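Notes follow the structure.
The values are calculated or read from the model by the stated rules, or taken from the named source; none is laboratory data. Just so you know, these numbers come straight off a predicted model, no measurement behind them. Backbone-built Cβ (ideal geometry, glycine too); neighbour counts: all protein chains shown.
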């Protein structure tokens, strides 16, 4: 049933605004798109002079998680039942899929749609549809645990 | 130095935004796609909030700025065509997202928070990213030209 007991409209909007501010800052100061999969992928491409800002962005993400969890550990609760095998398969698919499709939720879903990019809009529709189908299969067919 | 500090701050603000938004909780991601269960529209509010800030800044910057503050030029995606790789890659990503409940940003920042699940997912994700980039480099080395024009020039995000 839809009773929306976990819906957090205000916190999610505030968090979204912060993500937008971070992405806007990266554009204005670095001239870069704040796509996490693109930033991470670039570390592995090892272009001279194009690595340190990427590493520092990822270190910032990690530091935020470390600092925030000291005060709000509940914000990192998993809340779903996934085996190690499922997490590994999921991680591999996200890693390969985002490189092949050149973007993820941030690069396509926020920055790309924000730039009114047709490519990113198509990509976002594509990953939203398959994510919804996957959740349907896991929750309705497999009983919510895999 | 300032470029590195700026990138660090960008990542930190992004990570805190993800946590406040609830996006570091896989149950909220799954809730967004769970149309037959306890539906949670939060993800849409996160994306709308971010786009609300990003779009006006982006449009103002590309119209009136000659260059970004710390770089000689903007590095923005140039491709406009819709190809199979874009759709197929995104489709594969979506399956992984629905399966694990993490996309790349929340996964990485949750590793910093010490989440064992995020670490398992994140290690596999980086293995996938690294394997793809290595494969691309090997192909480029063999043909002597960029096998992945997208990666060589500019990717979308």
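Couple of notes before you dig in:
- In the stretch B:73-146, counting only helices (runs of 4 or more DSSP H) that sit wholly within it, the ones holding 3 or more residues that are in contact (Cβ under 8 Å) with a residue 12 or more places away in the chain and farther than 26 Å from residue A:31 by Cα span B:84-100, B:116-143.
- From the options A:134, A:121, residue that is surrounded by fewer than 17 Cβ atoms within 10 Å (Cβ to Cβ) and part of a helix (DSSP H, G or I): A:121
- Summed over the stretch A:64-82, the residues that are crowded, with 19+ Cβ neighbours inside 10 Å and part of a helix (DSSP H, G or I) give a count of 6.
- Residue-level check: of (1) outside any loop (DSSP other than H, G, I, E, B); (2) more than 16 Å from the chain's Cα centre (by Cα); (3) facing chain A (nearest Cβ under 7 Å), residue B:54 misses just (2).
- Taking every residue in the stretch A:106-122 that is within 19 Å of residue A:58 (Cα to Cα) and facing chain B (nearest Cβ under 7 Å) and pairing it with any residue that is modelled with pLDDT under 95 and surrounded by 24 or more Cβ atoms within 10 Å (Cβ to Cβ), at least 6 positions away or on another chain, the pairs with Cβ-Cβ distances below 7 Å are A:106/B:157; A:107/B:156; A:107/B:157; A:108/B:156; A:108/B:157; A:111/B:157.
- Filter result for residue A:35 (over 24 Å from residue B:99 (Cα atoms), under 14 Å from the mean Cα position of the chain (by Cα), at the interface with another protein chain (Cβ under 7 Å from one of its Cβ atoms) and in contact (Cβ under 8 Å) with a residue 40 or more places away in the chain): no
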